[in-house]
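Here the structure is laid out as structure tokens; the discussion comes afterwards.
The values are calculated or read from the model by the stated rules, or taken from the named source; none is laboratory data. These figures come from a predicted structure and were not determined experimentally. Heads up, the Cβs are rebuilt from the backbone with ideal geometry, glycines too, and the neighbour counts pull from every protein chain shown. Ligands, DNA and RNA are stripped out before the accessible areas are found, and what is left, the full protein with its side chains, is counted by its heavy atoms. Shrake-Rupley method; radii C 1.70, N 1.55, O 1.52, S 1.80 Å.
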Amino acid sequence: MYSQGSCSSSIFAKDVDNMMPFTENSTWNFAAEDGVFKRTTQPIITGTSVLGLVFDEGVMIAADTLGSFGSMARFLNCQRVVKVNDQIILGAGGDFADFQYMSSIIEQQIINEECLNDGFNLKPKSLHCWLTRSMYNRRSKLDPLWNVYVVGGIQDGKPYLGLVDKIGTAFEAPTIATGYGSYLAQPLLRTRIESNPSISESEALDLIKHCVRILYYRDARSFPKFTIGICTKEGVRITDPVEIDSEWSVARLTEAKSS
């Protein structure tokens, strides 16, 4: 069903089965009080759009570094694009605490696989499958993890890009944009890829920067600093935060409306 070294491994299976059991004394239950379970109904510290793009030799995922507390730009250095192993990168939007929780589980799984040293490594399709099952499991127990994940990597020598949201909806696509980016960036990404499916890495980088700039202009929860994860057959690279150039001179042409 799954490839070896994938989501069929023991820690992943245990975590999926035991996420949020309905017992008051469970070690997983941090919020039971007088027999009443509490659930997160609204995320606290959140990240906005994540962009993903397949180019001729690999996959690219980008996200800004802002952690918003409601409408406040509270944390300016939240890394939302991470390296999983030498053939997988992961980007996340939504609740940053939930992302840290899932990242710790995935990181431990990678450590366990390295300790086994059996020649098998987690693959992007396996991670995407496990995330889908985990998110749907939590959603079915009415305690979702408030995230949208973008998984990219090299699967059997070919670029792979997939998305899974907080209710377990999942799909693969050559271009992906979450949050506000699904309205503003996705049409730009899709139009470019449909006209030229085999763009180079430099062309993909320029396109991603253009989309990040558009989101910075239009999305009130975005930020000019962003990180990019690039996965090719040679390995994974995560860039340091880069600040996008922007032009606001057009603001002089606007006039405030009097009440």
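In the stretch 94-178, the convex hull through the Cα atoms has an average projected area of 5.9 nm², a quarter of its surface area.
Amide H to amide H distances under 5 Å link N147 with D95, K166, where only residues 5 or more positions off or on other chains count and H is placed in the peptide plane. When you count the other C-beta atoms within 10 angstrom of each residue and take the mean per peptide, 127-140, 69-82 line up highest first as 127-140, 69-82. The count of lysine pairs in the stretch 45-244 that are at least 8 places apart or cross chains, and whose C-alpha atoms lie under 23 Å apart, stands at 17.
Determine the share of the stretch 45-244's accessible area contributed by carbon and sulfur atoms, expressed in whole percent, with a 1.4 angstrom probe. C and S fraction of accessible area: 52 percent. When you filter the GluC sites (Glu not before Pro) in the stretch 153-259 for DSSP loop state and at most 10 other Cβ atoms inside 10 Å of their Cβ, you are left with E247, E255.
For the stretch 59-66, the Karplus equation 6.51 cos²θ - 1.76 cosθ + 1.60, evaluated at θ = phi - 60°, returns couplings of 9, 10, 10, 9, 7, 6, 10, 8 Hz by residue, with Gly and Pro reported as x. Annotation for E201 and A73: the two label points, set 7 Å from Cα along the Cα-Cβ direction, are 3.1 nm apart. Here's how it looks for K141: its modeled amide H is under 5 Å from none belonging to a residue 5 or more places away or on a different chain.
Here the extension length gained between H210 and E194 equals 4.1 nm, from 0.36 nm per residue of separation less the Cα-Cα distance.
Running Debye on the stretch 146-200 with equal point scatterers at the Cα sites and no solvent, what base-10 log of I(q)/I(0) appears at q = 0.18, 0.25, 0.27, 0.28 Å⁻¹? Results for the stretch 146-200 at q = 0.18, 0.25, 0.27, 0.28 Å⁻¹ read -0.67, -1.10, -1.17, -1.19.
When you filter the trypsin sites (Lys or Arg not before Pro) in the stretch 164-259 for DSSP loop state and at most 10 other Cβ atoms inside 10 Å of their Cβ, you are left with K257. In the stretch 45-244, inverting the average of 1/r over every pair of distinct C-alpha atoms gives 16.7 Å as the Kirkwood radius. Couplings 3J(HN,Hα) for the stretch 123-132, derived from phi with the Karplus relation 6.51 cos²θ - 1.76 cosθ + 1.60 (θ = phi - 60°), are 10, x, 5, 5, 5, 4, 5, 5, 4, 4 Hz, where x marks Gly and Pro. For the stretch 45-244, the dipole from Cβ point charges (+1 on Lys and Arg, -1 on Asp and Glu) about the Cα centre works out to 640 debye, to the nearest 20. Each Cα pair under 8 Å and six or more residues apart adds its sequence gap; the mean of these over the residue count of the stretch 116-259 is a relative contact order of 15 percent.
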